[in-house]
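Student: Below you'll find the structure I mean.
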Amino acid sequence: MSESQYDLIVIGGGPAGYAGAIRAGQLGKKVACVEMERAGGTCLNWGCIPSKALLKSAELYQKMLHADDFGFTVKGIEVDFAKVVERSRGVANQMAKGIEFLFKKNKVDYIVGKAQIEAAGMVQITEGDKKGEYLTAKNILIATGCRARMLPGLEKDGQRIMTAREILDRRDLPKSCVVLGAGAIGMEFAYFLSSFGCEVTVLEMLDDVLPVEDAEVSKFVERQFKKQGITVKTGTKAEKIAVGKKSVTLDATKGDKTEKLEAESLLVAIGVTANMDGLLSSKVNLEMDRNYIKVDSHYRTNVRGIYAAGDIIGPPWLAHVATYEAVQAVNGIFSHGEPRPMLRFPGCTYCQPQVASIGLTEKAVKEKGIPYKVGKFPFTASGKAVASLESEGFVKLIVAEKDGEILGAHITGAEATELIAEYGLAMELEATWEEVHGTIHAHPTLSEALMEAAAATHGEAIHI
């Protein structure tokens, strides 16, 4: 039996796993990272990165269709859908190579395979070229993440039934598609498919699309989707799903009304489930919380020497949160400072209009009973947005009435996912609305809307 000794073994090579492994390498530790498929995990290979490449293609195509608005005459635009998808795969491949380079740079042993924790301090490679080998370490970090959740009785085939993974590698555009779930993934792919001419219907069980976002933002995005020709049905359940050779049929039920729907494809985007298959031997009993690994503030499980970070410990299932958690976990493991708690994080959706937020929604602030003020600034009043033909959307800032603390920030519109960082930094530094307002923002920029929204909380916005 061959055996290798490490300071840290990381299981999973996604945003949590690779970040944790690289951080340990930076600290001069001997590290192994075991990943089933390829460095970067689901996010880099089958999620965040390739999907953004596809969305950029969709956005550019839509701009070209409206070239006349910019003073250009463009005729005969043709879409090579397979090439659009191939470009996204190339982007993912390039980024995965980058992670593999960083492993080498930081002296991380990268092992392609599947790992099982045999006991505290011992891992066996159960699949891959090093199958049967054992790794030992004082510390093990579980970062196996999540995978798309399927409805019982449905099996993905890449044509009739898809999750995000299948659509990312599909070389033909379906003529019609029903998207189950109006969270970030469902809304992003609904926009992507519709942009290229697919007839899209979005079904959401809850009353709003993007249910975790501020209600005003959700309702605005729903209206914009409908303007784009996307059918959106909220408060609606999908029942009696039947898969045929050429189409999928289902009942869309809202209250006591049922509508029959038929489409070429069905995209299931109803959430995720933890990747625990084959992870633990019968000798390792980790405490769980709703099917996710339970950890303390130092990311320690109930078994000494075993830690967990990222999606595997539960929501929010976000790549940037996973990276943060893993780095904090590793810092704590090797006594490089106390792990910092995650007090707040940005959430982003990359459809058009984009959506980004951080902190509390207005509903949450009301429920907490905090006296507050709201400032809103529309992009129609932003010179840069109007000049760029990107004036749909708004910035909404929620601040405490007592001391001006920023409680929540919500942006929908052009570059919302980039703009949210300013409010994130402001909240991290405990800046007030006055300090954001008092910071001179370059003109003309979209970021001026952040300043104006801050001013609007106290009736001081200049341009509305």
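Student: How do Thr380, Thr253 rank when sorted from fewest to most other Cβ atoms within 10 Å of their own Cβ? Could the numbers behind the result be given before it?
Tutor: Working: Thr380 13, Thr253 17.
So the ranking, lowest neighbour count to highest, is Thr380, Thr253.
Student: Okay, next question. Which cysteines does the chain leave without a neighbouring Cys Cβ under 4.7 Å?
Tutor: Those would be Cys33, Cys146, Cys177, Cys198, Cys348, Cys351, since no other cysteine Cβ in the chain comes under 4.7 Å of theirs.
Student: Follow-up question, since we're still on this one. Placing one identical point scatterer on every Cα of segment 130-268 and ignoring solvent, what is log10 I(q)/I(0) from the Debye formula at q = 0.09, 0.15, 0.20, 0.22 Å⁻¹?
Tutor: -0.33, -0.73, -1.22, -1.46
Student: Continuing with the same structure: Per 0.36 nm of contour for each residue apart, how much would the distance between Ala387 and Asp80 grow if the chain were fully extended, relative to their Cα-Cα spacing? Walk me through the numbers before you get to the answer.
Tutor: Numbers: separation 307, 0.36 × 307 = 110.52 nm, distance 3.03 nm.
Residue separation times 0.36 nm, minus the Cα-Cα distance, leaves 107.5 nm.
Student: Order of Leu266, Leu425 from fewest to most other C-beta atoms within 10 Å?
Tutor: By the 10 Å Cβ count, ascending: Leu425, Leu266.
Student: Ranked by Cβ crowding within 10 angstrom, fewest neighbours first, how are Met150, Met427 ordered?
Tutor: The fewest-first ordering by Cβ neighbours comes to Met150, Met427.
Student: Let me ask something else. Antiparallel as a % of all DSSP beta bridges within the chain, to the nearest 5?
Tutor: Counting only bridges with both partners in the chain, antiparallel ones make up about 60 percent.
Student: What percent antiparallel are the DSSP beta bridges of segment 353-456, to the nearest 5?
Tutor: Numbers: 20 of 20 bridges.
The answer is about 100 percent antiparallel.
Student: Once both labels are modelled 7 Å past Cα along the beta-carbon direction, what's the Met342-Glu435 spacing in nm?
Tutor: Distance between the two pseudo-spin positions: 2.4 nm.
Student: While we're on this one: Give me the distance between the Cα centres of segment 254-278 and segment 104-141, rounded to whole Å.
Tutor: Measuring centre to centre over Cα atoms gives 35 Å.
Student: Take the cross-link list Lys219/Lys363; Lys97/Lys130; Lys156/Lys246; Lys368/Lys402; Lys366/Lys402 and give me the ones stretching past 19 Å between alpha-carbons. Kindly include the intermediate steps, with their values, before the conclusion.
Tutor: Values: Lys219/Lys363 14 Å; Lys97/Lys130 21 Å; Lys156/Lys246 14 Å; Lys368/Lys402 14 Å; Lys366/Lys402 15 Å.
The pairs that break the limit, which is 19 Å between Cα atoms, are Lys97/Lys130.
Student: Right, something else. In nm, to one decimal, how far is the Lys227 label point from the Arg149 one, both placed 7 Å along Cα→Cβ?
Tutor: The two pseudo-label positions are separated by 3.3 nm.
Student: According to the square roots a ≥ b ≥ c of the eigenvalues of the Cα gyration tensor, what is the shape class of segment 87-179, taking rounded for a/c under 1.5, prolate for a/b larger than b/c otherwise, and oblate for the remainder?
Tutor: Judged from the Cα gyration tensor, segment 87-179 comes out oblate (a/c at least 1.5, b/c at or above a/b).
Student: Too long at a 30 Å Cα-Cα cut-off: which of Lys75/Lys233; Lys254/Lys373; Lys63/Lys376; Lys105/Lys138?
Tutor: Over 30 Å apart, Cα to Cα: Lys75/Lys233; Lys254/Lys373.
Student: Computed over the Cα atoms of the chain, what is the ratio Rg over Rh, Rh following Kirkwood?
Tutor: Working: Rg = 23.6 Å, Rh = 23.9 Å.
Ratio value, two decimals: 0.99.
Student: Quote the FRET efficiency, to the nearest 0.05, computed for Asn93 versus Arg170 with a Förster distance R0 of 22 Å and r equal to the Cβ-Cβ distance.
Tutor: Calculated transfer efficiency: 0.80.
Student: Hey, can you rank 409-415, 180-186, 290-296 by average C-beta count inside 10 Å, highest first?
Tutor: The most tightly packed comes first, giving 409-415, 180-186, 290-296.
Student: Checking the cross-link filter: which aspartates and glutamates have an alpha carbon closer than 13 Å to that of Lys29, excluding same-chain neighbours under 8 positions apart?
Tutor: Asp7, Asp109
Student: Just want to confirm a number: the relative contact order over the chain, from Cα pairs under 8 angstrom separated by 6+ residues, in percent.
Tutor: Working: 1003 pairs, mean separation 64.6, N = 464.
Dividing the mean separation by the residue count of the chain yields 14 percent.
None of the figures in this text is laboratory data; all of them are computed from the coordinates on show. Quick caveat, the model's predicted, so the values are computed rather than measured. Backbone-built Cβ (ideal geometry, glycine too); neighbour counts: all protein chains shown.
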